[in-house]
Structures are given as C-alpha cells and as structure tokens.
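The values are calculated or read from the model by the stated rules, or taken from the named source; none is laboratory data. Computed from a predicted structure; not experimentally measured. Don't worry about glycine lacking a Cβ; one is built from the backbone with ideal geometry, like all the others, and counts go over all protein chains shown.
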Amino acid sequence: MPLFGAPWQVELGPMTTAAGQVRLRPIRTRDAAVWSRLRLANQRELQPWEPTGDGSWARRHQPTAWPPMSSTMRSQAREGTLLPLVIEVNGRFAGQLTVGNIVRGQLMNAWVGYWVDSAVTGRGVATVSVALALDHCFGPLGLHRVEATVRPENGPSRAVLAHVGFREEGLLRRYLHVDGQWCDHLLMGMTAEEVPDSVVARLVRAGRAAY
Ligand code: ACO
C-alpha cells in the first residue's frame, strides 16, 4: 500500500513464515550499516550469483557505498523504473528485493531480483517476498509480465521461482557476467493472465505462508 502518496514508497505484508513476520518496505539511507554488515557476512553465499562488480567485495560493501547507491535507486524509483525494497524479518533488515527495468506502454514488463541473509534462509522468506512483490506488480503497478533470470545451478532460487509459479521460457547463453565469467541463465516469466487471484493467496493455500 503506498505511503506518503509516492507510488514507490510501498509497504507490503506482513506475512507469517517459519522465520517469522516478513514485510517489504522502501530502502532508507540509514540502512547503510546493517546492509554493509550483512553483505560482508554473506559474501560466500551471494558472490556466485551476483553480477561482477568493480573492485573487491569488501570495498564495494563498505557502509559508504550505500548512500550513493541508494540515492541512484531512489531517483530511478521516482522516475517509476525501479522498485527497491528491503526484506524485513521480525522488523529486522534481512535482505533486498528489487523490481527493475519497469517498462510501461505496450510492454508493461519488469524483472525481479532478491537476496536473503543466510541466517534466515530455508524458511520461506524469499518465496513470500517474491509473492508479495508479484501481487503488487500485477495489482497496483498494473504490469502485464514479470521476468526473472537465474543460473541453472542456483537450486534455492529456482525453487523460489517455481513455488510462486514462474514458467521456464528458455536458456540465455552467456547472458550475464557473474563472479568473473559470462554465465548462462534461465529466463523465467509470468503474465497477469496466469494469476487470476493472488500469488500470496496461492502460497497460503499451499501451506507455505500465513496471513
Ligand atoms: N537445490 C534445490 N532447492 C534447494 C536447495 C538446493 N540445493 N537448497 C535449498 N533449496 C530449497 C529450499 O528447500 C526451499 O524450498 P522448500 O520451501 O520447498 O523447502 C527453497 O530452496 C528456498 O525457498 P525460501 O526459503 O523461500 O528461500 P530463502 O529465503 O532461503 O532464499 C535465496 C533463497 C534468495 C535464493 C537465498 O538463498 C539467497 O539469497 N541466495 C544467494 C543470492 C541469490 O541466489 N539470489 C537470487 C538470484 S536469482 C534472482 O534474483 C532471480
């Protein structure tokens, strides 16, 4: 639901999972310290799946890296092309979910990407977060299609995408530079027609989350 009238300042949830209460909220400048701490602590889990960056992981994830990054994300959010959200578990920063490359007009398309702190993985946090984001994309944002790209080797992320109902559309060869090399990615897609009700409601019916 939009806060303060700005369409990108959304708060989604809460939903209950085995990890606790999950909600999505806008990024804040004051997230710098916790963002840096979790990104540094999760380097081993995150680096194999994330686009190659300039400079070392340690340097790119200092608290000072957050203000310029979050300010760029917020300006894209104001333009309506990005929705940068923090995943909170029991009120604590536990990851990020971003809806990006939001294109309107005849495409009405966007991608979704996410990461979750390994301290709370394996308990449905990413699954319910993606479900909340999809309902927002197909509902208030009025999008027609959402896509996701995932490395074939990324079992946990493929499970998340399968749980919320993404379809496999094809293999993008050497699609993205990840962790030092060009890597194949599966293209996953979902259109509004495939969600006549709500992705969250489907998860609840499947026993994967509760209101
Ligand atoms: N192979 C297959 N499935 C697995 C494996 C594996 N090796 N390990 C775990 N799983 C399953 C879990 O059992 C679970 O399914 P279940 O609920 O049926 O048991 C599922 O993967 C994970 O579901 P969640 O608990 O909802 O997800 P979680 O909160 O653990 O977060 C995530 C998953 C986001 C992939 C996390 O592990 C992470 O941050 N990884 C590193 C970054 C990353 O890969 N991000 C995604 C990149 S792709 C994209 O953004 C589209």
**Prompt:** Pairs, please: C-beta under 6 Å, at least 6 apart or cross-chain, first residue part of a loop (DSSP other than H, G, I, E, B) and in the range 14-40, second small (Gly, Ala, Ser) and within 15 Å of the ligand (Cβ to nearest atom)?
**Reply:** ALA18/GLY124
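Okay, residues lined up against (1) aromatic (Phe, Trp, Tyr); (2) farther than 21 Å from LEU38 by Cα; (3) touching a Leu at 6+ places or on another chain (Cβ under 7 Å); (4) in a helix (DSSP H, G or I):
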position	(1), (2), (3), (4)
PRO67	no, no, no, yes
THR72	no, no, no, yes
TYR114	yes, no, yes, no
ASP135	no, yes, no, yes
LEU143	no, yes, no, no
VAL146	no, yes, yes, no
**Message:** Looking at (1) near the ligand (Cβ under 8 Å from one of its atoms); (2) farther than 23 Å from GLU194 by Cα; (3) of a type in the set (Gly, Ala, Ser), which one does SER75 not meet, given that it meets all the others?
**Reply:** (1)
**Message:** As an exercise: evaluate ALA58 against (1) more than 30 Å from GLU153 (Cβ to Cβ); (2) touching a residue at least 12 places away in the same chain (Cβ under 8 Å); (3) of a type outside the set (Asp, Glu); (4) surrounded by fewer than 14 Cβ atoms within 10 Å (Cβ to Cβ) and give the number of the one condition it does not meet.
**Reply:** (1)
**Prompt:** In this structure, is ALA210 under 23 Å from PHE93 (Cβ atoms) and modelled with pLDDT of 95 or more?
**Reply:** yes
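Consider ASP179 carefully, then state whether it is within 22 Å of GLU45 (Cα to Cα), touching a residue at least 40 places away in the same chain (Cβ under 8 Å) and among the acidic types (Asp, Glu).
Numbers: within 22 Å of GLU45 (Cα to Cα): yes; touching a residue at least 40 places away in the same chain (Cβ under 8 Å): yes; among the acidic types (Asp, Glu): yes.
Judged against the criteria, ASP179 is a match.
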**Fill in**
THR81 passes all but one of the listed conditions (1) closer than 24 Å to LEU186 by Cα; (2) outside any loop (DSSP other than H, G, I, E, B); the exception is number (2)
**Request:** Please state which one of ARG167, ARG123, ARG158 is of a type in the set (D, E, K, R), over 17 Å from ASN101 (Cβ atoms), within 15 Å of the ligand (Cβ to nearest atom) and in contact with a Lys or Arg (Cβ under 9 Å, 6 or more places away or on another chain).
**Result:** ARG158
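Does GLN96 meet the test of being more than 20 Å from ARG28 (Cα to Cα) and either of a type in the set (Phe, Trp, Tyr) or not in a helix (DSSP H, G or I) (or both)?
Working: more than 20 Å from ARG28 (Cα to Cα): no; either of a type in the set (Phe, Trp, Tyr) or not in a helix (DSSP H, G or I) (or both): yes.
No: the conditions fail for GLN96.
Answer with yes or no whether ALA159 is assigned to a helix (DSSP H, G or I) and surrounded by fewer than 18 Cβ atoms within 10 Å (Cβ to Cβ).
Working: assigned to a helix (DSSP H, G or I): yes; surrounded by fewer than 18 Cβ atoms within 10 Å (Cβ to Cβ): yes.
When the stated conditions are applied, ALA159 passes them.
Does VAL86 satisfy the condition of being within 12 Å of the ligand (Cβ to nearest atom), closer than 19 Å to GLU45 by Cβ and among the aliphatic types (A, V, I, L, M)? Working first, answer last.
Working: within 12 Å of the ligand (Cβ to nearest atom): no; closer than 19 Å to GLU45 by Cβ: yes; among the aliphatic types (A, V, I, L, M): yes.
Against the criterion (within 12 Å of the ligand (Cβ to nearest atom), closer than 19 Å to GLU45 by Cβ and among the aliphatic types (A, V, I, L, M)), VAL86 does not qualify.
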**Matching entry among ALA126, ALA133 (being without any contact (Cβ under 8 Å) to a residue 60 or more places away in the chain, buried (at least 18 other Cβ atoms within 10 Å of the Cβ) and small (Gly, Ala, Ser))** = ALA126
**Request:** Check VAL116, VAL112 and return the single one that is more than 21 Å from GLN76 (Cα to Cα), within 8 Å of the ligand (Cβ to nearest atom) and buried (at least 17 other Cβ atoms within 10 Å of the Cβ).
**Result:** VAL116
